[in-house]
Amino acid sequence: MKIEDGVELARFTTLGTGGPARAFARPESEREVEELLRWAQERSLAVAVVGLGSNLLAADEGVDALVLKLGGELATVEPGRDALRLGGGAANAVALHRARAAGLGGFEFACAIPGTIGGGVWMNAGAYGGDFAGVLERALVATADGSGWLTPAELGLSYRHSDLGHGQVVLRAELRLRPRPPEEIKVEVRELNARRKEAQPTNRRTFGSVFKNPEHELSAGRLLEACKLKGHRIGGAQISPKHANFIENAEAATTADALALMAEARRRARERFGVVLEHEVEFLGDLELPEV
Ligand SMILES: Cc1cc2nc3c(=O)[nH]c(=O)nc-3n(C[C@H](O)[C@H](O)[C@H](O)COP(=O)(O)OP(=O)(O)OC[C@H]3O[C@@H](n4cnc5c(N)ncnc54)[C@H](O)[C@@H]3O)c2cc1C
């Protein structure tokens, strides 16, 4: 199994930022993941996975970990009679395409979530009233001590959260779906994508929602819009002029630029509304936001 060093994570994040990983590998089977987890354990090295990097901010200075990108057998999609069996590295878009072709409905909510199955389980990703917790039957999770199947309850799935930690790798997942005519799926996906295009930046480099929606009558996006943050720029990163809960890579942005924007957004939301925003985007490496 080839282990590389100096691989720039900017290549693997949708924002296009992030420095080198201390070690990087592309396992294609359960056995390879287990070998890599043991390799890291012997060196006391942390392990993290990148899916499509669509919810990731990786430190500019780099990440002191073994970073895995799943492929091969770990990115397959197999439709069954009322289920999809998937590798953790399979892209949601491919999974949805195969589900539609097989006449399986229930995964339409993921049509505009540009991630992988592993990243979706990790975050309990969701949209339009659906989420992974609602369709996941079980997930096979590997650690350096072995692998085991976990149910949504055992994974601790809640709003944009699981209890998974770095060092736990989602190898496979099974989604419980229901028969639905492909044409109906197609129509719903078209509608959802049109709604998305209307409200959010869709052709920009972003990492999706920056902050979770707080317990407040206004969503994170509306709070930040009221704080006059739309279009606010630091370095090469800017708050989307279209939706204030998105940060775009406007021009050669760095992770530090995005982090500075997040700090400013939290400061203003606290000052104006007394709300402490919690970030939805995952941090990789030595990244921290100042207290507000
Ligand atoms: C334009 C845009 C729109 C978006 N819209 C939505 C939305 O509507 N709803 C929503 O919930 N999210 C949304 N997102 C965010 C993102 O797409 C989701 O959170 C997605 O599930 C992340 O998956 P990923 O594979 O890209 O994970 P990554 O961003 O690569 O990683 C995210 C976290 O998951 C971990 N991880 C990834 N794969 C594995 C694995 N196999 N095993 C263990 N850990 C793993 C990573 O280590 C990291 O901690 C959006 C993002 C973009 C860019």
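Just so you know, all these numbers are worked out from the coordinates, no wet-lab data involved. Here the structure is a predicted model, which means the values were calculated and not measured. So basically every Cβ, Gly included, is an ideal-geometry build from the backbone, and we count neighbours across all protein chains shown.
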Notebook entry, point to check: Taking the Cα centre of each part, how many Å lie between segment 105-139 and segment 256-289?
Noted result: 25 Å
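Give me the percent relative contact order of the chain, please, defined on Cα pairs under 8 angstrom at least 6 residues apart.
Working: 658 pairs, mean separation 52.3, N = 292.
The value is 18 percent.
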Check: Which parts of segment 167-189 would a label at Y128 reach, counting a residue when its backbone N lies under 16 Å from a point 7 Å out along Cα-to-Cβ?
Finding: 178, 180-189
Notebook entry, point to check: Quick one: longest stretch of the chain between exposed loop GluC sites (Glu not before Pro), exposed meaning at most 14 other C-beta atoms within 10 Å and loop per DSSP?
Noted result: 62-214
Next item on the list: Could you grab the relative contact order for segment 18-144? Cα pairs under 8 Å, six or more apart, rounded to a whole percent.
Entry: 24 percent
Notebook entry, point to check: Most mobile of A83, A237, A194 per a Gaussian network model of the chain (Cα springs, under 10 Å)?
Noted result: A194
Checklist line | Max mean-square fluctuation residue, GNM over the chain, Cα-Cα springs under 10 Å, options G120, G148, G53 | finding: G148
Next item on the list: Using the number of other C-beta atoms within 10 angstrom as an exposure proxy, rank I247, I113 with the fewest first.
Entry: I113, I247
